[in-house]
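What follows is a set of notes on a single structure, which appears directly below.
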Amino acid sequence: MDESLVKIRHERSVKDFPYLRIEDDEYVEFYFRRARICLWAIWGGAFLGVVLILLGFLLVLIGQSQLDEVGLQFMYIILFSLLAAVFIIFLLALKVYHGNKLFVTNKKVIQMIMLSPVSTSINIIDLFSIEDASFRQESLLQKLFNFGTLRLATVGDETTYTFTHSDIKPPELKAVTDLISEAKKMHRDSKD
């Protein structure tokens, strides 16, 4: 690739992803996130939680004649606490959703996994060390909403890296495997 084009793509990658530490001649080819259905599930769960709490408020209002003042205040405290808990869980779930990313550069794969706001991991894999890249869908839900698990197996220590709930498409998977093949060829050529 032309050196000026590499520089332009590198600058664009640094601008778009300032938190990535990439080399001067490196640029992002692909960027994957979790599937949109995960985001829909977070919003749906929050909506359902709020609706149920509002129903609780309605039931308390209907039955307030049955409760004394202390009992009524206690019910309101519980319902407001539940509403706050739903809001906090919703924000944490959004943070975790947006914290899971997979970048494929022209030299490596950078996987950022966030299981909770305090549990994160970053895996960096050289493209030439990847032996196999595959995509699996194992349920009807995954097939219907077109998401699954991206699996990258490495040479040597036989480590397998997975990116679950990914919505990678077949042409993108083929392009990633082509990048891997090209990186392997360049690595072999540089050794010779």
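Residues being assigned to a helix (DSSP H, G or I), among the aliphatic types (A, V, I, L, M) and surrounded by 13 or more Cβ atoms within 10 Å (Cβ to Cβ): count how many of those fall in region 53-74.
Residues in region 53-74 being assigned to a helix (DSSP H, G or I), among the aliphatic types (A, V, I, L, M) and surrounded by 13 or more Cβ atoms within 10 Å (Cβ to Cβ): 3 in total.
Which count do you get for residues in region 1-33 that are of a type in the set (V, I, T) and over 17 Å from L102 (Cα atoms)?
2
Check A85, A93 and return the single one that is at pLDDT 90 or above and closer than 26 Å to N146 by Cα.
A93
Within region 91-114, which residues are aliphatic (A, V, I, L, M), out of contact with any Ser or Thr (no Cβ under 8 Å at 6 or more places or on another chain) and closer than 23 Å to W43 by Cβ?
Across region 91-114, the qualifying residues are L91, A93, L94.
So L79 clears everything in (1) open to solvent by 80 Å² or more (accessible area, probe 1.4 Å); (2) part of a helix (DSSP H, G or I) except one condition, right? Which one?
The one condition L79 does not meet is (1).
Suppose we keep only residues that are open to solvent by 40 Å² or more (accessible area, probe 1.4 Å) and small (G, A, S) within region 32-46. Which one would you say is nearest to F145 (Cα to Cα)?
Among them, the one singled out is A41.
Considering only residues of region 88-129 that are within 26 Å of R9 (Cα to Cα) and small (G, A, S), which is surrounded by the most Cβ atoms within 10 Å (Cβ to Cβ)?
Checking each candidate, the answer is S129.
Does L102 satisfy the condition of being of a type in the set (A, V, I, L, M), at pLDDT 90 or above and either farther than 22 Å from E29 by Cβ or part of a strand (DSSP E or B) (or both)?
Considered against the rule, which asks whether it is of a type in the set (A, V, I, L, M), at pLDDT 90 or above and either farther than 22 Å from E29 by Cβ or part of a strand (DSSP E or B) (or both), L102 comes out as yes.
Answer with yes or no whether E26 is surrounded by 11 or more Cβ atoms within 10 Å (Cβ to Cβ), part of a helix (DSSP H, G or I) and of a type outside the set (A, V, I, L, M).
no
From (1) modelled with pLDDT under 90; (2) part of a strand (DSSP E or B); (3) not β-branched (V, I, T), pick out the condition that doesn't hold for R21.
All conditions pass for R21, except number (2).
If we scan region 11-23, do we find a residue that is out of contact with any Phe, Trp or Tyr (no Cβ under 8 Å at 6 or more places or on another chain), touching a residue at least 40 places away in the same chain (Cβ under 8 Å) and surrounded by 11 or more Cβ atoms within 10 Å (Cβ to Cβ)?
Scanning region 11-23, I find at least one residue that is out of contact with any Phe, Trp or Tyr (no Cβ under 8 Å at 6 or more places or on another chain), touching a residue at least 40 places away in the same chain (Cβ under 8 Å) and surrounded by 11 or more Cβ atoms within 10 Å (Cβ to Cβ), so the answer is yes.
The values are calculated or read from the model by the stated rules, or taken from the named source; none is laboratory data. This structure is a prediction, so every number in the text was calculated from the model and none was measured. For neighbour counting, all protein chains shown are included, and Cβ atoms are generated from backbone atoms with ideal geometry for every residue, glycine included. In case anyone asks, the SASA skips ligands and DNA or RNA and just uses the protein heavy atoms, side chains included. Shrake-Rupley method; radii C 1.70, N 1.55, O 1.52, S 1.80 Å.
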